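The structure under discussion appears below in the form of structure tokens.
The values are calculated or read from the model by the stated rules, or taken from the named source; none is laboratory data. No experiment lies behind these values; they were computed from the predicted model shown. Here the Cβ is made from the backbone with ideal geometry for all residues, glycine too, and neighbour counts use every protein chain on show. Ligands, DNA and RNA are excluded from the accessible area calculation, which covers all protein heavy atoms including side chains. Shrake-Rupley method; radii C 1.70, N 1.55, O 1.52, S 1.80 Å.
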Amino acid sequence: MEDFCICDIRRIYKAIAQFEVQLQTVLGLNLNEAMLLCLLSDKDHLSAGEIADAMMLTRSNASKVISSLENASLIRRHLCKDDARCMRFSLTKNGVEKLNAVHCKKLQLPDELQQLVEQRKEATDSEQG
């Protein structure tokens, strides 16, 4: 039987779902919440629209993730300096601490994801070297 790319995607999707269950159990975060913490650690003071675009979420889904992290006191909103109608978001001290707890040593990546991470690392290393 021929190996179809959709089957590979299904295996990756299942691996991501397994990882998300582990993430929820260990840290109490879903994958989108953890990714938003990571995003804000790289780029502080993003607007909701910028967050939605960067995470490839609808505005509605981004709003839900933002609200969840705000309610958990992991991120906070600030008024934009130029426009009081605009809100920007950044990590709180608790958010930084929670993000620092997201270590791959505490979380076991499923084999399919581990292979992708290693391939990405090898590609990055070869580009730099």
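Remarks
- Where a residue in region 62-83 is over 18 Å from K98 (Cβ atoms) and its partner, wherever it lies, is of a type in the set (A, V, I, L, M) and surrounded by 16 or more Cβ atoms within 10 Å (Cβ to Cβ), with Cβ under 6 Å and at least six apart: A62/A48; A62/I51; A62/A52
- In the set (1) open to solvent by 60 Å² or more (accessible area, probe 1.4 Å); (2) closer than 18 Å to S90 by Cβ, the condition left unmet by R59 is number (2).
- Tally, over region 24-37, of residues that are open to solvent by less than 50 Å² (accessible area, probe 1.4 Å), hydrophobic (A, V, I, L, M, F, W, C) and over 8 Å from the mean Cα position of the chain (by Cα): 2
- For region 62-76, the set of residues classified as open to solvent by 60 Å² or more (accessible area, probe 1.4 Å), closer than 17 Å to T92 by Cβ and charged (D, E, K, R) consists of R76 only.
- Region 54-95, residues that are more than 16 Å from A34 (Cα to Cα) and in a helix (DSSP H, G or I): R59, S60
- Matching option when the condition is open to solvent by less than 50 Å² (accessible area, probe 1.4 Å), at pLDDT 95 or above and assigned to a helix (DSSP H, G or I), among L99, L113, L40: L40
- Failed item, numbered, when I51 is tested on (1) under 14 Å from the mean Cα position of the chain (by Cα); (2) in a helix (DSSP H, G or I); (3) closer than 14 Å to L99 by Cα; (4) in contact (Cβ under 8 Å) with a residue 12 or more places away in the chain: (3)
- Filter result for L46 (of a type in the set (A, V, I, L, M) and in contact with a strand residue (DSSP E or B) (Cβ under 7 Å, 6 or more places away or on another chain)): yes
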